[in-house]
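Visitor: Below is a structure I'd like to ask you about.
The values are calculated or read from the model by the stated rules, or taken from the named source; none is laboratory data. Just so it is clear, the structure is predicted and the values come from calculations on it, not from any experiment. Cβ placement follows ideal geometry from the backbone for every residue including glycine, while neighbour counts extend to all protein chains displayed.
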Ligand code: FPP
């Protein structure tokens, strides 16, 4: 969800105003994905590396997240959405963690769509956590190193119940993965939009889905 800061600065606002506007785009995109039958949507809301930002910006982002979870509670429940999170959730301030865990628990049996927030998340950090988990299981004698295959490894990830990414959308004209779902994006299709995240709308989402529908996913095999 890139470009909040640049959008705000281009309007003469503080970067934080861009994140606030970006939270409105989150509403639009979640609703549109639910309506279109998307089964799983992961939003990269705060990376492991974002902790290096100015403390005022971090504080504002954490407040926005807590506010989002409280404000959207009814909408999430009424639309049968299951809220999950990936990342070092224990590093989040208590106010965010509490609100998040409460709604994750309340929505855990919802089946309409899974909305996953990547918070204090990094793809390399996720892979390291999975390696540590599997090493502990090997040391405990629960599994043997030679039994570790891509299926077992995928399940050990924070995003273990999610499966591979079909479509990765990045806004603001940046052409990087930036430590996002490194393992799960192995065969993802990419859609890059020049729009800043606060300006990204339903029409842009439709364009991304239309582009995806025209891709020929060969997974290394020969095409039809
Ligand atoms: C990256 O753009 C965006 C973020 C680090 C924060 C994203 C957060 C939100 C959209 C709002 C809160 C989230 C939810 C789920 C309610 P940037 O700030 O790096 O933009 P820039 O590249 O233009 O500086």
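Visitor: Considering each residue of segment 168-181, count those that are surrounded by fewer than 16 Cβ atoms within 10 Å (Cβ to Cβ) and at negative phi, and give that number. Steps first, answer last, please.
Guide: Initial filter on segment 168-181 (surrounded by fewer than 16 Cβ atoms within 10 Å (Cβ to Cβ)): 173-178.
From what's left, at negative phi: 174-177.
Qualifying residue count for the region: 4.
Visitor: Among (1) buried (at least 18 other Cβ atoms within 10 Å of the Cβ); (2) touching a helix residue (DSSP H, G or I) at 6+ places or on another chain (Cβ under 9 Å); (3) touching a residue at least 60 places away in the same chain (Cβ under 8 Å), which single condition is residue 165 missing?
Guide: (2)
Visitor: Hey, does segment 52-61 have a residue that's within 11 Å of the ligand (Cβ to nearest atom), without any contact (Cβ under 8 Å) to a residue 24 or more places away in the chain, surrounded by 15 or more Cβ atoms within 10 Å (Cβ to Cβ) and assigned to a helix (DSSP H, G or I)?
Guide: Yes: segment 52-61 contains one or more residues that are within 11 Å of the ligand (Cβ to nearest atom), without any contact (Cβ under 8 Å) to a residue 24 or more places away in the chain, surrounded by 15 or more Cβ atoms within 10 Å (Cβ to Cβ) and assigned to a helix (DSSP H, G or I).
Visitor: Suppose the filter is within 21 Å of residue 22 (Cα to Cα) and in a loop (DSSP other than H, G, I, E, B); does residue 205 pass it?
Guide: Details: within 21 Å of residue 22 (Cα to Cα): yes; in a loop (DSSP other than H, G, I, E, B): no.
Considered against the rule, which asks whether it is within 21 Å of residue 22 (Cα to Cα) and in a loop (DSSP other than H, G, I, E, B), residue 205 comes out as no.
Visitor: Checking the conditions here, which among 3, 18 is surrounded by 16 or more Cβ atoms within 10 Å (Cβ to Cβ), at positive phi and either within 11 Å of the ligand (Cβ to nearest atom) or within 17 Å of the chain's Cα centre (by Cα) (or both)?
Guide: Answer to the check: 3.
Visitor: Moving on. If you check 142, 194, which single one turns out to be within 15 Å of the ligand (Cβ to nearest atom), surrounded by fewer than 13 Cβ atoms within 10 Å (Cβ to Cβ) and either over 18 Å from the mean Cα position of the chain (by Cα) or at pLDDT below 95 (or both)?
Guide: On the way: 142 fails: within 15 Å of the ligand (Cβ to nearest atom).
Going through 142, 194 in turn, the sole match is 194.
Visitor: Something else: Looking at (1) under 16 Å from the mean Cα position of the chain (by Cα); (2) free of Cβ contacts under 8 Å to residues at least 60 places away in the same chain, which one does residue 183 not meet, given that it meets all the others?
Guide: (2)
Visitor: To continue, here is another question. In segment 63-91, what residues are assigned to a helix (DSSP H, G or I) and crowded, with 17+ Cβ neighbours inside 10 Å? Lay out the reasoning, then the answer.
Guide: First, pick out the residues of segment 63-91 that are assigned to a helix (DSSP H, G or I): 63-71, 73-78, 89-91.
Residues satisfying the conditions are 64, 65, 66, 68, 69, 76, 89.
Visitor: What tally of residues in segment 27-49 results from selecting those that are within 11 Å of the ligand (Cβ to nearest atom) and either in contact with a helix residue (DSSP H, G or I) (Cβ under 7 Å, 6 or more places away or on another chain) or touching a residue at least 60 places away in the same chain (Cβ under 8 Å) (or both)?
Guide: Narrowing segment 27-49 to residues within 11 Å of the ligand (Cβ to nearest atom): 27, 29-30, 41-47, 49.
Adding the requirement that they be either in contact with a helix residue (DSSP H, G or I) (Cβ under 7 Å, 6 or more places away or on another chain) or touching a residue at least 60 places away in the same chain (Cβ under 8 Å) (or both) leaves 29-30, 41-47, 49.
Summing the residues that are within 11 Å of the ligand (Cβ to nearest atom) and either in contact with a helix residue (DSSP H, G or I) (Cβ under 7 Å, 6 or more places away or on another chain) or touching a residue at least 60 places away in the same chain (Cβ under 8 Å) (or both) in segment 27-49 gives 10.
Visitor: Same structure, new question: Go through (1) away from the ligand (no atom under 13 Å from the Cβ); (2) under 21 Å from residue 181 (Cα atoms); (3) not in a helix (DSSP H, G or I) one by one and return the number of the condition residue 12 breaks.
Guide: Result: residue 12 passes all but (2).
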